[in-house]
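Any read-out appearing in this document is the output of simple, stated calculations on the displayed coordinates, not a laboratory observation. Quantities reported herein were computed from a predicted structural model and do not represent experimental measurements. Virtual Cβ from ideal backbone geometry, glycine too; neighbours counted across all protein chains shown.
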Amino acid sequence: MKTRQISLADAISRLPGAGGKPSTEVFKYGSLSVKIFSPRGEDTQQPHSRDEIYVVARGRGEFVNGDLRLKFGPGDFLFAAAGEVHRFERFSDDFATWVFFYGPEGGEGD
């Protein structure tokens with residue numbers, strides 16, 4: 001049986017050390033993949049093939065999604081549709097966010 005609870009501390013402890021990838025998958029169920037994402041210095045992610053939701057766990061910064069620039073903080077919900085150019089900028093050193101990938105390749109659309 002799959003785990004039903006993952007603490008933020010446990011998720012962050014699963015991240016690779018210095019120089020490693022800034023994210024790791026912590027839960028998978030059907031089309032849902034949950035990761036913890038904690039970039040250091042610069043967010044170099046590229047557009048993804050599936051829709052995604054971010055729920056900011058800690059830290060502050062700016063979320064860039066196309067022409068939008070949104071300030072974020074702990075507890076905020078952010079959405080990026082499949083294929084959209086997006087990234088985090090000017091984020092604090094303690095920044096970490098839950099990432100939820102779901103649905104089919106190419107996204108669900110409107």
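Per-residue Karplus couplings for the range 71-85, computed as 6.51 cos²θ - 1.76 cosθ + 1.60 with θ equal to phi - 60°, are listed in order as 6, 9, x, x, x, 6, 9, 10, 10, 9, 6, 3, x, 6, 6 Hz, Gly and Pro entered as x. For the range 100-106, 3J(HN,Hα) computed residue by residue from phi via the Karplus equation (6.51, -1.76, 1.60; θ = phi - 60°) reads 10, 8, 8, x, x, 4, x Hz, glycine and proline entered as x. Using θ = phi - 60° in the Karplus curve 6.51 cos²θ - 1.76 cosθ + 1.60, the 3J(HN,Hα) couplings for the range 42-51 round to 9, 9, 9, 5, 10, x, 9, 8, 10, 5 Hz; x is entered for Gly and Pro. Considering only SER92, ILE53, LEU15, the residue lying farthest towards the positive end of the dipole of the chain is LEU15, judged by Cα position with unit charges set on Cβ.
Within 14 Å, Cβ to Cβ, of ARG4, how many net charges do the neighbouring residues add up to if Lys/Arg are +1 and Asp/Glu are -1?
After counting each charged neighbour, the total is +1.
Could you work out the local net charge near PRO104, counting Lys and Arg as +1, Asp and Glu as -1, over the other residues with Cβ closer than 11 Å to its Cβ? Result for the neighbourhood of PRO104: -2. Taking amide H atoms as placed 1.01 Å from N in the peptide plane, the amide H of PHE91 lies under 5 Å from those of GLU62, each 5 or more residues away in sequence or on another chain.
Can you give the local net charge around ARG50? Use residues other than it whose beta-carbon is closer than 14 angstrom to its beta-carbon, Lys and Arg +1, Asp and Glu -1.
On the way: positive: LYS28, LYS35; negative: GLU25, ASP51, GLU52, GLU84, GLU105, GLU108.
Spelling it out: positives minus negatives among the neighbours equals -4.
Each Lys and Arg Cβ is given +1 and each Asp and Glu Cβ -1; about its Cα centre, the range 1-108 then shows a dipole of about 380 debye. List the residues, sorted by chain then number, that are 5 or more residues from GLU84 or on another chain and whose placed amide H is less than 5 Å from its amide H. For GLU84, the qualifying residues are HIS48.
Going by neighbour counts of Cβ atoms within 10 Å, the residues LEU70, LEU78 line up, fewest first, as LEU70, LEU78. Dividing the summed helix terms, -39500 (n - 2.57) for each DSSP H run of n ≥ 4, by the number of residues in the chain produces a 222 nm estimate of -1000 deg cm²/dmol to the nearest 500. Relative intensity of the range 8-102 on a log10 scale, I(q)/I(0) at q = 0.14 Å⁻¹, equals -0.46, per a Debye sum over C-alpha point scatterers of equal strength in the absence of solvent.
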